[in-house]
Each structure stands twice: as C-alpha cells, then as structure tokens.
Amino acid sequence: MAELASVRLTGPEVERLRTELAAILDHVAVLSELSGDGAVGPDHPPTAPLRDDVEAPDPLQVPLSELAPTLVDGFFTVPRIAALDDDAADRSTP
Amino acid sequence: MSELGARIDAVRSGAAAAAAATGASLSAIDAAERGPHPLHAFLAVDSAAALAAAQAVDGTRDRGGEPGPLAGVTLAVKDNLCTLGLPTTCGSRMLEDYHSPFEATAVRRLRDAGAIVVGKTNLDEFGMGSSTEHSAFGPTLNPHDATRVPGGSSGGSAAAVAAGLVDVALGSDTGGSVRQPAAFCGVVGMKPTYGRVSRYGLVAFASSLDQVGVLGSRVEDAARVLQAMAGPDARDSTAAPRPVPDLLKALRVEARGMVVGVPREYTSDAVHAQVRNRVREAADRLREAGLDVRTVSLPHTDYAVPAYCVIAAVEASSNLARYDGVRYGFRAPAADSTSAVYLETRARGFGDEARRRIVLGTYVLSAGYHDRYYQQAQRARAHIARDFDRVFRAGVDVIFTPTTPTPAFRFGERVGDPYAMYLSDAFTVTANLAGIPALSLPIGCAGRLPVGGQLMGRAWDEAAVLRVAAALERSLGTEP
C-alpha cells in the first residue's frame, strides 16, 4: 500500500503503520452495519451548483506566466532529475 | 456592540488609528513568542507589511475614502491559506519554503475590508490533526495551561485569539478544526455551510469537507468576519451562488421562541462530567431566555467518526498526491531516479499523520476494499445528513451539543493513539459530513479549562446559529 501511495517507509515504520491501521480499520468496521441507499432530503448535503454553460473568464488570479519561476515555450520548467541526464546520454549513444 | 465593533467605528471615524492597534498586536505577539515558554502560535509574522497596511487604512480614511467594515481589525491567518508576502507552509516540511503566487479569496476579501494580516499561524500538518502536535515546526501551547494542547488543527489561530494577540483569526475546518480548538482555548469558532465561503487558496485536505472558518472573542466578531468573506466566487465552483444575508442584523433579532434540540447521543456518560454539566447549565439558560429546548435524536451519530476517518483519508490521499517533488515544494536531494524522487520526497516531506492518512486512503480505495469501506462511509454520511434533516423538518431551529467530549488534553496523551485523537472530534465531524453550519462558544469551565458548546443549524442558516449563540453568550455573561 505504501508503494501504491508512493511513500517509502522503513521496516519499523511499516510495522508501526500496520498496527495503527489495523486498529483504525477495526473501529471503522462498524460501517458494515449500515444498509439502505442513504437518500437524503433536498437541503442536505448542499450539492455543487451548476453554472450556465457559457465561456467564463480565466479563473486564475494572476497570469499563467507568473505562476512559476520560469516558463519555456508555454511549459513550466522544473529542476532536472540527475538520473535523467544519464538516460538521455545513453539514448543519444549510437 | 462588541469591543471590536466599537474600535472599528473609532478607526472609521478617525477617533482611533489602525496603526496603533496593529502596533499593539505586534508587540503582544513578540512578547508571547519569546521567553521560557513561547506560545508558538505563529509560524511567520511580517511586522513591516502589517504596519504599512494599517497606515494605508488610516490614510484612506483621512483622504475621505472608505476604510472598510473591518477597518484596523488585526487578523491572523492559518498557514494553509495562501497569502502574498508571507510563506504558506501548511505546517509541513513539504512546503517549508513555499511562497504562493496567489492569495486565498477569503484573505483577499478581508484585506479589502480593511483587516490587517499580521502573520500565519501554526497548525497540524495539512490540517490533519486535533492538537497541533503534528506540526512539523513544533506544537502551540494552550494559553490557559501550557501543559495542554490548544486543539487542532487550527491550534495556532485559536491560541492567538485566546491570548489576545489578534482580534480575529482564520482557520479551516474539515472535521472540527476550527470549533474544537475554539472550545479548548475558550474562544468562539465558526464553520459556515459548505459552499458559503470560497475555498480558492485553501490548500486542500478533504475537498468535500473543508471550509474556511473564523475564530474570535465574541459571536459578533465572528459574524463580522464571516459577512466580509462569504459569498460566491468564480474561482471556486463549490462556492454557492447564494447571496449572504445580513448576519449582524440577525444577531439583533430576538431569539425567544426559537427551538433548540439537544441530541441524546451527544450527552452520554462517555462525555466528561463537567462538560455535561456545563451543557446542561447552558441549556437551562436558553430556557430561561425563552427558547424552547427539547431532546432530539440523531441515531447515526456513532458512525460519524468511522465515516469521517475513511472519507477524509481518501480525499487526503488524492489531494496530497500533488506533492511529488517535481513542480514545487520539497524535493529529496540525491534521489537517483524519477520514482526515487517521488518516494523519498514523500517519505521525508510528510510527517507521520499525513503518511498514515495517505496510506489509509489508498487502502480503502483499492480493489476489493472500496465497497466495504468507502461506499459504506458515504452511505453513513447520507444517513447522518438525513438525521439532521429530519430534526430540522420537525421544527428544530438549531441543535445544541458539547463541542468536544473532554476539555483540552495534555501533550503526548493521544498522539500515540491515532483513533483516540480522532475521537476528540466525535461531536464536530457530523456538521462537516452534513455540510451544515456550526459554531462553538465558551459555556464555562472544567476547573480552569474552557468548555465549549456547539450550535448547529440548517444549511445556509448561519443567521439562526449566530442568533442563538449571541443569546447564549449574553445569558452566560461569557464575553471576555
């Protein structure tokens, strides 16, 4: 699960988390008692309102160009991962 | 009119200077954050910007302009609300050096109303917690007892108001994170109806539960701030296109004759005896003030914490997936592959509680478990909402409960038992699950620790909640 969640855990952390999550899941198991479709009245919960299907102004508070330190050809740039330099070098080798 | 209301009038008329109140606030913050037992309510303070903003308010007034309905009000902002000029860390190593390029709508509206942002307050990491012990930068103390927690996750905001460092503060409330610390610190805290206040610029924890909330010393102060920041926002599709009623006017309407329901499920023997006593006494005061107080039932209350645990974890695991070390925030150094960047960044950038919720959320959404946990949690949520709906349709105007089962607990008491920590929100999570407005106000003490009483109302009926809260505040004489 930790791998699926993209979180690396140490051995002791895995054991601790396993115990904690087991305890939490024991408590939430009570949810299995519930049945029914859970239909609610018109006031609850507040449903997300639908807006008119018309073009709306750009919701960004500042222009796209100001949301990142650098922009190249319309793409945000981020620091390179060092290993990718090695991969690129390998691919360029005939 | 509250003391704050009188000061706003004085600043607007020129009888008082916004700069003076701001200077006093900054001095108080400086004193509280130094010394042998720093309160640690604040993660960042910008004195120069605050004083400049206060002088600008005074200048606007002196030139005959409109200084705003919150002219000179000193405001602290929970550090998961994006602000310009101040960092937004969310109490996490993941965003330790992050400066947002945009500002939350709620903050922007309060600045436009003349409020002065003095700093960012401490919180449990990404809003996940009930004690502020999960902040990556150390906990905040409870101003009433330095050995006890201020509550969470908006512990810094609650402590800042309780200690008199600021007039009001913003928090966020996903399962009680404004109301529970308000109860623990002896201040007023309100979560509006889901959709009443824009979430634009509120760093997402659980998007179907999160709401921006307000903390203040008086019910009237909370109403003023809510009035100024509520309303539709084109930048948040979940901010409802509903007009905001005149909440200050609502406070002045007589509460006599209103019907208050006290659910039997919230006053069991599991609740601390002195908390039960304060709630009973407060209910008596409401009766004496001419309100009709009756017992009601919300039969699915016991499913609320389990449902909240699942839904909040699921949504957190989705919302926190963006923190991968690629675009912004912390990136683990020396990671030797793309996947290592993700794994190491998230292992080192997140604290224990955030990682716990991410893994739990991933698990309950995974194949074979989705129906057993997530679908059942949503079913419970619908049942809980229907319980409230049934009570309100039967003629109850507001529901009155303890805010928390106990007063503030000691540091270290619950941090090693995650579910015990979640249980401190047992009475607050229901309002988030149902999307209804809820407010906590001080209703007395257990020894020297504050006790909070909670009022919950129909969706969009903040006015009724505020009206009864103001009546109770007057009856109890709990104004500071």
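Quick note: the coordinates plus some simple rules give every number you see, no bench work behind them. All of these numbers come straight from a predicted model, not from anything done at the bench. Here Cβ is always computed from backbone atoms with ideal geometry, including for glycine, and neighbour counts include all displayed protein chains.
Can you classify region B:200-335 as rounded, prolate or oblate using the Cα gyration tensor, where a ≥ b ≥ c are the square roots of its eigenvalues, rounded means a/c under 1.5, and otherwise it's prolate if a/b beats b/c and oblate if not?
Oblate, since a/c reaches 1.5 and b/c is not below a/b.
How big is the Rg/Rh ratio for chain B, C-alpha atoms only, Rh by Kirkwood, two decimals?
Values: Rg = 21.2 Å, Rh = 22.1 Å.
Rounded to two decimals, Rg/Rh equals 0.96.
Enumerate the whole-percent occupancy of each 10 Å bin, from 0 to the last occupied one, for all C-alpha pair distances of region B:362-457.
Whole-percent P(r) values from 0 Å outward: 14, 33, 32, 18, 3.
Using the reciprocal of the averaged 1/r over all distinct C-alpha pairs, how large is the Kirkwood radius of the protein assembly as shown in Å?
24.1 Å
Using the Cα gyration tensor of region B:326-406, with a ≥ b ≥ c the square roots of its eigenvalues, what is the shape: rounded (a/c below 1.5), prolate (a/b larger than b/c) or oblate (neither)?
It is prolate, given that a/c is not under 1.5 and a/b is the larger ratio.
With a cap of 11 neighbouring Cβ atoms within 10 Å, and only residues DSSP puts in a loop, list the trypsin sites (Lys or Arg not before Pro) found in region B:1-93.
Counting only loop positions with at most 11 other Cβ atoms within 10 Å, the trypsin sites (Lys or Arg not before Pro) in region B:1-93 are B:R34, B:R63.
Under the definition of partner shielding as Cβ atoms of other protein chains within 10 Å of a residue Cβ, what is the mean value for peptide B:372-379?
Details: counts 5, 5, 1, 3, 9, 3, 2, 6.
The mean count of partner-chain Cβ atoms within 10 Å per residue comes to 4.
Can you list residues whose amide H is under 5 Å from B:N122's amide H, if they're 5+ apart or on another chain and H is modeled 1.01 Å from N?
So B:N122 has HN proximity to B:F42, B:L43, B:G156, B:S157.
Need one number: % antiparallel among DSSP beta bridges in the protein assembly as shown, to the nearest 5. It would help to have the intermediate numbers written out before the result.
Working: 34 of 49 bridges.
In the protein assembly as shown, DSSP labels about 70 percent of beta bridges as antiparallel.
Can you give the average number of partner chain beta-carbon atoms within 10 Å of each beta-carbon in peptide A:19-26, as a whole number?
Numbers: counts 0, 8, 7, 0, 4, 12, 10, 1.
Per residue, the number of nearby Cβ atoms from other chains is 5 on average.
Among all helices in chain B defined by DSSP H, which have a length of 18 Å or more along the axis from Cα atoms plus a Kyte-Doolittle mean of at least 0.5?
The answer, listed by residue number, is B:18-33, B:304-319, B:462-476.
Rounded, prolate or oblate: which fits region B:71-209 when a ≥ b ≥ c are the square roots of the eigenvalues of the alpha-carbon gyration tensor, with rounded for a/c under 1.5 and prolate only if a/b beats b/c?
Judged from the Cα gyration tensor, region B:71-209 comes out rounded (a/c under 1.5).
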